[in-house]
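Every number in this text was worked out from the coordinates using simple rules, so none of it is lab data. Only a predicted model underlies this, so the values are computations on that prediction, with no experimental measurement involved. Neighbour counts are summed over all protein chains in view; Cβ atoms, including those assigned to glycine, are modelled from backbone coordinates with ideal geometry.
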Amino acid sequence: MESSYETLIFEEVDGVAWIRMHRPEDLNALNLPMAKELCRVAAHCTVEKEIRAVVLTGTDRAFCAGGDVKDMAEELETSGRPDLFLRDLAMYLHAFVAEVCRMPKPVIAAVNGIAAGAGFSMSLACDLGLASDQARFVMAYTNIGLVPVGSSTYTLRRLVGPGNAMEIVYLNKPIGAREALDLGLVNRVIPADRFEKEVSAVARKLADGPTRTYGRAKALVRAGLSETLESQMESERQGIALSSLQPEFREGVTAFVEKRKANFRSVS
């Protein structure tokens with residue numbers, strides 16, 4: 001299934017939703033229409049039962065080059081109130097990030113090229129990061145006198161530690177794909193000529209998995225960032241008990257006993 005958007009290319013293929021940011025003439029920079037459309041498409045992915053995994057990527061040579069600085073400059077000159085524009089842009093960006101983080105399905109950031117500013121932030125918010133060996137990351141916000149948004153001040157320090165996070169924010173040194181892997185910013189680096197094929201394989205594997213179980217596991221991992229050891233273990237205890245009552249558990253156990261591959265799509 002394909003749907004029409006102004007700034008995105010969206011398609012659903014065999015249980016996988018592909019969200020492609022598509023403003024190639026501006027390196028897929030985030031403007032207000034794109035931010036609003038990202039919110040709309042993310043909500044669709046959350047509620048659409050046929051969607052079992054989501055891929056966020058860009059078209060052409062960029063993932064997303066950050067907020068559209070030309071729009072910011074225009075607001076500065078025409079209205080003199082860039083703060084109102086940036087409040088709106090951040091509001092929609094944050095709504096999208098929150099939807100991604102709360103979505104009870106796996107979300108992959110397939111970073112095909114430059115991920116700067118808001119693009120970097122969005123990639124960090126996803127559950128898995130798969131980077132082309134041509135990908136580059138740069139925080140970029142402070143280069144134009146802005147603080148980071150898009151949850152990056154929350155996620156970045158948890159991934160790389162406060163010292164590395166401050167260096168990335170202050171110095172804005174471009175981070176190549178291999179360095180991003182070493183820092184823990186992505187899970188895997190893939191040669192550019194095999195990138196989409198391998199991303200598709202990972203997404204299909206996730207789509208064939210126990211989607212509802214993934215959703216509960218995702219919620220536990222996300223909650224574990226702020227819980228105490230005891231409260232997190234109690235959430236795990238409650239979660240595993242609940243999982244054992246679901247059809248996915250019955251199918252998984254039955255398949256194991258029968259020495260066959262579990263067919264989770266048949267029960268979820």
Legend entry - With Cα atoms, 0 to 90° folded angle of helix 32-47 axis to the chain main axis: 10 degrees
Legend entry - region 262-267 - phi-based ³J(HN,Hα) in whole Hz, Karplus 6.51/-1.76/1.60, Gly and Pro as x: 5, 10, 6, 5, 6, 10
Legend entry - For region 211-266, convex hull of alpha carbons as volume per residue, Å³: 78 Å³
Inset, instruction - Would you mind calculating the gained length between Lys197 and Arg102 on full extension (0.36 nm times residue separation, minus the Cα-Cα distance), in nm to one decimal? - result: 31.5 nm
Inset, instruction - Only Cα pairs under 8 Å and at least 6 apart count here; give the relative contact order of region 211-266 as a rounded whole percent. - result: 28 percent
Legend entry - Separation of the Lys261 and Leu229 label points, Cα + 7 Å toward Cβ, nm: 4.0 nm
Legend entry - Mean residue ellipticity (222 nm) of the chain, computed from DSSP H runs ≥ 4 via -39,500 (n - 2.57), nearest 500: -16000 deg cm²/dmol
Inset, instruction - Report the FRET efficiency, 1/(1 + (r/R0)^6), for Asn172 and Gln238, where r is their Cβ-Cβ distance and R0 is 30 Å, rounded to 0.05. - result: 0.10
Inset, instruction - In square nanometres and to one decimal, what's the mean projected area of the convex hull around the Cα atoms of the chain? - result: 15.4 nm²
Inset, instruction - Have a look at the DSSP beta bridges in the chain and tell me what percent are antiparallel, nearest 5. - result: 30 percent
Legend entry - Phi to ³J(HN,Hα) by Karplus 6.51 cos²θ - 1.76 cosθ + 1.60 over region 48-56, Hz, x for Gly, Pro: 6, 5, 6, 8, 10, 7, 10, 10, 9
Inset, instruction - Report the relative contact order of the chain, percent, no decimals, based on alpha-carbon pairs under 8 angstrom and at least 6 residues apart. - result: 16 percent
Inset, instruction - Would you calculate the volume per residue, in Å³, of the smallest convex hull containing every Cα atom of region 110-249? - result: 107 Å³
Legend entry - Of Lys36/Lys105; Lys36/Lys173; Lys49/Lys197; Lys105/Lys261; Lys197/Lys261, those spanning more than 26 Å from alpha-carbon to alpha-carbon: Lys36/Lys173
Legend entry - From phi via Karplus (6.51, -1.76, 1.60), per-residue ³J(HN,Hα) for region 113-119 in Hz, x at Gly/Pro: x, 5, 10, 10, x, 4, x
Legend entry - Candidate aspartates and glutamates for bridging to Lys70, where Cα separation is under 19 Å - those fewer than 8 sequence places away on the same chain excluded: Glu6, Glu25, Asp26, Asp83, Asp88
Legend entry - Asp133 long-range amide H proximity, modeled H, under 5 Å: Ile190, Ala192
